[in-house]
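Please read the structure below before turning to the comments.
No lab work stands behind these numbers, since they all come straight from the coordinates. Everything numeric in this text was worked out from a predicted model, so none of it was measured. For neighbour counting, all protein chains shown are included, and Cβ atoms are generated from backbone atoms with ideal geometry for every residue, glycine included.
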Amino acid sequence: MIYSTATVPVNPEGKAKLTLDQVWAGLELKTRDAHEFLPAGLCTRRDVTEESATHFVHDATIGGKDLREIIVLEPRRKVTLFQVTGLREGAIINEIVKDDTGALHLRFYCYLGPRDAVPNGTEEQAEQALFDSEQGNKAALLSTLERTRVLVADGRHPPARTKVQGLRVAIDLYIGCEKRFRESQTNAHGAAGDEDYLPHMIASNPCTSNK
């Protein structure tokens with residue numbers, strides 16, 4: 001199992017200052033449009049197959065390798081990428097943190113394993129060394145921040161989603177699910193009594209059912 005971590009300051013001396021919202025918008029954009037952050041031609045496909053107020057799922061081809069990730073967004077704080085298929089399995093986290101002085105830092109950490117590899121074998125050890133090297137996690141963090149600065153300077157940086165906007169998305173999602181639930185229950189059972197409404201909703205709601 002690979003565990004690796006790195007942390008870099010967001011605003012080192014001599015660099016254009018980034019705000020919390022700008023760093024977050026950069027992280028969110030990177031998960032949604034990797035082309036903006038990866039070398040040209042490295043990411044050749046990216047399709048979002050599922051999306052909700054809290055996460056989305058995408059299928060991508062990066063470096064000629066197919067993968068699927070479940071991406072969980074905690075606004076203005078953390079992005080977690082769960083690698084479901086591909087060469088590795090596990091989780092990658094990018095987190096915005098503040099130190100005791102209030103200065104922003106960007107932290108990377110991961111728990112990963114090469115799929116079907118021998119535990120602590122040569123393949124896993126080689127990947128551990130790569131993640132921990134100067135060309136690994138730290139370089140990726142610095143590259144993300146530098147690309148974010150370029151997008152801000154060019155005026156192409158998207159505004160970060162606010163808490164109110166995020167809440168609005170969640171409310172709209174709930175209203176839509178409830179409407180679909182009521183329609184399905186009316187068609188299948190007629191009007192359900194108030195005492196039966198909650199268990200019926202949990203069991204039958206197409207937005208909460210596992211079926």
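Quick notes on this one:
- Summing Cβ point charges (Lys, Arg +1; Asp, Glu -1) relative to the Cα centre of the range 1-121 gives a dipole of roughly 200 debye.
- Beyond 29 Å in Cα-Cα separation lie the following of the pairs 65/98; 17/78; 30/65: 65/98.
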